[in-house]
1. Is there a residue being under 25 Å from residue 169 (Cα atoms), more than 9 Å from the ligand (Cβ to nearest atom), in a helix (DSSP H, G or I) and in contact with a strand residue (DSSP E or B) (Cβ under 7 Å, 6 or more places away or on another chain) anywhere in region 17-31?
2. Can you tell me which residues in region 81-110 are away from the ligand (no atom under 15 Å from the Cβ) and buried (at least 21 other Cβ atoms within 10 Å of the Cβ)?
3. Let me confirm something: among 118, 62, which residue is over 15 Å from the mean Cα position of the chain (by Cα), in a helix (DSSP H, G or I) and away from the ligand (no atom under 16 Å from the Cβ)?
4. Is it the case, given these coordinates, that residue 56 is within 13 Å of the ligand (Cβ to nearest atom), crowded, with 20+ Cβ neighbours inside 10 Å, more than 14 Å from the chain's Cα centre (by Cα) and touching a residue at least 40 places away in the same chain (Cβ under 8 Å)?
5. I'd like to know if region 194-209 contains one or more residues that are in a loop (DSSP other than H, G, I, E, B) and without any contact (Cβ under 8 Å) to a residue 60 or more places away in the chain.
6. Go through (1) out of contact with any strand residue (DSSP E or B) (no Cβ under 6 Å at 6 or more places or on another chain); (2) modelled with pLDDT of 95 or more; (3) under 22 Å from residue 113 (Cα atoms) and name the single condition residue 156 misses.
7. Of all residues being exposed (fewer than 14 other Cβ atoms within 10 Å of the Cβ) and over 20 Å from residue 53 (Cβ atoms) in region 65-75, which is farthest from the ligand (Cβ to nearest atom)? Just the residue, please.
8. Residue 174 fails exactly one of the following numbered conditions: (1) touching a residue at least 12 places away in the same chain (Cβ under 8 Å); (2) more than 16 Å from the chain's Cα centre (by Cα); (3) within 28 Å of residue 93 (Cβ to Cβ). What is the number of that condition?
Ligand code: AMP
């Protein structure tokens, strides 16, 4: 199974992708997570991309496309993968189509998680994340059992640098500009499904599983 998650920052892509990856034994590939790790470890990639991320701008395609190309060749992607945070624009989507074609592969489903802007701003302003496993919590309701410590891996929790009010605003602007043509691109390919991303996480997940399984069964017939 090869799936893409689209949706604005704070739509819940990471949370849902993590669950889906676990359920179907797929690799979860989050470009944001890869870049944040590189920044923390102060690698060449981290140093190259940190300033874009801090401003809420997209990292240039020349950096991100080769990064994904390499990642998709890794062994854990052979059984299938979920892309969370990639592609972010039509150029990246076109490159991905080319990449998969060369590997004799295709996408099964593109899920577009829809959440109102008001809700997204609230979620991002309250979000805290695990520095080790990227599990997501929020100060408005989903708190860890022990303050500041991740329930799953005991890693330290922190507020993302780009979840500051001014950066959130810019990230949403960038998202709106790039997403409309991207959504159109996948609509034309007839693999885009819109999912209501508001409400209880478990219910959203059930809807996602139903869509994914339907697409998967159709393809197998
Ligand atoms: P995310 O965790 O998906 O919200 O991504 C955090 C930040 O990483 C974004 O605001 C961008 O600066 C950068 N980023 C992540 N994915 C991409 C991508 N596919 N293309 C360009 N920049 C990206």
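1. There is at least one residue in region 17-31 that is under 25 Å from residue 169 (Cα atoms), more than 9 Å from the ligand (Cβ to nearest atom), in a helix (DSSP H, G or I) and in contact with a strand residue (DSSP E or B) (Cβ under 7 Å, 6 or more places away or on another chain).
2. 109
3. Result of the check over 118, 62: 118.
4. yes
5. yes
6. Of everything listed in (1) out of contact with any strand residue (DSSP E or B) (no Cβ under 6 Å at 6 or more places or on another chain); (2) modelled with pLDDT of 95 or more; (3) under 22 Å from residue 113 (Cα atoms), residue 156 misses just condition (3).
7. Here is the first cut: in region 65-75, the residues exposed (fewer than 14 other Cβ atoms within 10 Å of the Cβ) are 66, 70, 73-75.
Those left that are additionally over 20 Å from residue 53 (Cβ atoms): 73-75.
Numbers: 73: 17, 74: 17, 75: 22 Å.
The selected residue is 75.
8. Single failed check for residue 174: (2).
The values are calculated or read from the model by the stated rules, or taken from the named source; none is laboratory data. As the structure is a prediction and not an experimental result, all values here were calculated from the model. Every residue, glycine among them, receives a Cβ derived from its backbone with ideal geometry; neighbour counts consider all protein chains shown.
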